[in-house]
Amino acid sequence: MDSSDLAYAGLARQADLVAAGEVSARELVDVCLSRIEVIDPTVNAYRVVFAERARVEADQADARRRAGAGERPLLGVPVAIKDDVDVAGEVTAFGTDAHGPPVTSDAEVVRRLRQAGAIILGKTNVPELTILPFTETPTYGKTRNPWDLQRTPGGSSGGSGAAVAAGMAGAALGSDGAGSIRIPAGCCGLFGLKPQRGRVPMAPVEDGWRGLTVLGPITRTVADTARFFDAVKDGGPSFAEAAARVPGRLRIAVSTKVPPPLTVKVAPEQLQAVQDTAALLRGLGHDVVERDPEYGMAFVSVLARYLRGIHDAADAMPHPERLSRLTRGYARLGSRIPVAAVARARAAEAGDRERLNRVFADGFDVMVTPTFTRGQLRIGEYEGRGVQWTLNGTGRWVPHLGAFNHTGQPAAAVPAGFASDGLPLSVQLVGRPDDEPTLLSLAAQMEAERPWADRRPAHAP
C-alpha cells in the first residue's frame with residue numbers, strides 16, 4: 001500500500017492494519033505529518049500540529065502492539081481534535097486570540113481516545129467561538145476545501161473536515177451545536193453523524209450552547225464513525241455491529257420542506273441529490289414516501305439557545321476585547337435574548353420533539369432532508385458583512401439541521417454524489433431518538449451501493 005492509499009484508508013482500516021502488524025503506527029503518523037507539511041500551508045486545516053509528541057506516541061503504540069498489551073481498538077491511529085476541545089498542555093483557542101492559558105487536563109473524550117490507543121495529531125481550526133458554518137478568522141486565517149480552494153470546508157468543525165478530506169488524519173473529532181459536524185462532512189464529501197444528546201461525554205464543558213452541542217467524529221466511511229463512537233461513547237449497543245448489519249426493509253420519509261419562518265428555496269442540484277437518494281433507497285427495497293415533518297417554530301427556539309450561547313461563550317473569554325467585530329456583534333445580539341426566553345425555548349423542547357417525531361410515530365424509521373439549500377459557500381463570501389446579513393444568509397444555507405440539536409436526536413450527513421462543479425453533494429438522514437444504529441446500518445448500505453470514500457480531492461492527491 002503506497003502512502004496515499006494509506007492516508008486515505010480511514011480510521012477503521014488503519015486500525016486493522018496496525019493491529020495486524022502490516023503497518024506500524026510510526027509509519028502511519030509519518031505519512032500524515034508529511035501530508036500536513038505539503039498540503040496544510042494551502043488548506044489551513046490545523047491550528048497546531050503535535051509532530052514530535054505524535055512520533056513518540058506512535059513508537060509507544062508500536063511497542064504496545066509487539067508486547068500484546070491488551071486490546072486497544074484505535075491503537076496507533078492518528079486523529080485530529082477540534083480546537084474547542086481540551087488537549088492537556090495546549091490552549092483551547094476557539095479560533096481566537098481571546099483565549100486563556102494552556103489547559104492542564106484532557107477533555108474526557110480525548111482521554112477516552114488516548115485510552116483506545118489513538119494518537120492525537122493536532123488541533124484543527126474553527127471559526128471564532130465556533131459561531132459560523134464556515135471557517136475563517138482574523139487570527140488563524142481561512143480554512144479551505146481540498147475539493148476547491150475557493151470554497152469553504154464548512155464549519156464550525158471546518159478544520160476537522162478539511163483534515164480528513166485531504167488525508168491528513170484518519171478521523172477528526174468535531175462538535176455540533178446547529179450542524180457543525182454535518183456541515184463540514186457535507187461540504188467535504190465525508191460522513192458525519194451527530195449523535196443523540198448525552199451519547200458522548202462533554203466534560204469539562206457543561207451545557208454547551210444552552211444544551212444544543214454534542215461531540216462526534218467526521219470520517220471517510222460509516223465504519224470509521226462506528227469504530228470511533230464505540231471507543232468514546234457511554235454504553236449502549238455496538239455501533240460497529242450496527243454498521244456491519246444490513247437493515248431490514250425500512251419506511252423512509254423524504255422532505256425538502258424548509259422549516260418556518262424561513263422561506264428560502266432549495267437549489268436544483270440539492271433537490272436532485274435528495275431525489276437521487278430517494279431513488280437509491282427505493283432500489284435497495286425500502287418503502288420511500290414524501291412526508292413533511294411538523295417543524296412548528298423550533299427554528300426560533302434554536303436561535304434563542306444559539307445566540308444566548310454565543311453571549312455566554314464571549315463573556316467567558318479571558319480577553320473579550322480581542323474578539324473580532326463580527327463576534328462581538330453576535331455576542332451583543334445574544335445579550336438581548338433574556339434568560340427567561342432561553343428557559344421558554346428549552347421548555348418548548350419536549351413539545352417540539354413530540355411534534356417533529358410524529359413522522360416516526362406514524363411508522364417511519366428514517367427521514368431524509370437536504371443538508372444544504374445551495375452549494376458550498378465561497379471563501380470570503382461574508383467577509384466584512386455585519387451580524388444580521390451573516391446570520392440571515394448562513395441560516396438560509398443550512399435551515400434543516402438545527403432543529404435536531406434542539407430535539408437532541410441523531411442525524412447524519414451522507415455523501416450524495418457530486419454537483420456539476422465537481423464539489424460533493426450531501427443529504428441528511430434523521431433518526432428516531434436514541435436510534436443511531438438504524439442510521440449507521442442504512443448509511444452503510446447506501447455507501448456499499450454508492451461508494452464515496454474512493455474519491456479524492458484535486459488539491460490533496
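Quick rundown of the values:
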| quantity | calculated |
| --- | --- |
| For region 1-153, diffusion coefficient by Stokes-Einstein and Kirkwood Rh (Cα), 10 °C, 1.306 mPa s, µm²/s | 98 µm²/s |
| Spacing of the two label points (7 Å from each Cα toward its C-beta) at SER335 and ARG55, in nm | 4.8 nm |
| Hypothetical label at GLU349: residues of region 178-205 whose amide nitrogen lies under 17 Å (7 Å Cα-Cβ projection) | 178-180, 194-203, 205 |
| Rough spin-label spacing in nm, given labels placed 7 Å along Cα→Cβ, for ALA448 and ASP315 | 5.1 nm |
| Using alpha carbons only: equivalent-ellipsoid semi-axes of region 322-383, gyration tensor based, whole Å | 32, 24, 6 |
| Full-extension gain in nm, ARG396 to GLU381, via 0.36 nm per residue minus C-alpha separation | 4.0 nm |
| Net lengthening on full extension, VAL38/ARG455 (0.36 nm per residue, minus Cα-Cα) | 148.1 nm |
| Contour excess over end-to-end distance, with Cα ends at ALA267 and ARG322 and 0.36 nm allotted per residue | 16.0 nm |
| Relative contact order (percent, whole number), region 9-159, Cα cutoff 8 Å, 6+ residue spacing | 25 percent |
| Selection of trypsin sites (Lys or Arg not before Pro), region 171-277, meeting DSSP coil and at most 13 other Cβ within 10 Å | ARG249, LYS265 |
| Residues ASP16, ASP234, ASP352, ASP2, sorted so that the one with the fewest Cβ neighbours within 10 Å comes first | ASP2, ASP234, ASP16, ASP352 |
| Among the listed pairs LYS82/LYS233; LYS142/LYS257; LYS82/LYS194; LYS194/LYS257; LYS142/LYS265; LYS123/LYS257, those beyond 26 Å (Cα-Cα) | LYS142/LYS257; LYS142/LYS265; LYS123/LYS257 |
| Dipole of region 186-323, positive end: most advanced residue of ALA313, LEU303, ALA242 [Cβ charges, Cα centre] | ALA242 |
| Where the Cα pairs of region 261-373 fall when distances are cut into 10 Å bins, in % | 12, 28, 28, 21, 10, 1 |
| Cα extents of region 3-449 along the three principal axes, largest first (Å) | 57, 57, 41 |
| For GLU37, GLU57, GLU349, order by how many other beta-carbon atoms lie within 10 Å, fewest first | GLU37, GLU349, GLU57 |
| Estimated dipole of region 176-219 in Debye, rounded to 20 [Cβ of Lys and Arg +1, of Asp and Glu -1, Cα centre] | 140 debye |
| 13 Å beta-carbon shell around ALA231, net charge (K/R +1, D/E -1) | +2 |
| Virtual spin-label span in nm between LYS257 and ASP97, 7 Å along Cα→Cβ | 4.9 nm |
| Packing-based exposure ordering (other Cβ within 10 Å, fewest first) of TRP452, TRP147 | TRP452, TRP147 |
| Assigned charges on the beta-carbon of Lys, Arg, Asp, Glu; the chain dipole about Cα centre (debye) | 900 debye |
| Per-selection metrics, region 231-282 (Cα): Rg and Dmax in Å | 16.5, 41 |
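A short reminder: the numbers here are calculations on the coordinates, not readings from a lab. Only a predicted model underlies this, so the values are computations on that prediction, with no experimental measurement involved. Don't worry about glycine lacking a Cβ; one is built from the backbone with ideal geometry, like all the others, and counts go over all protein chains shown.
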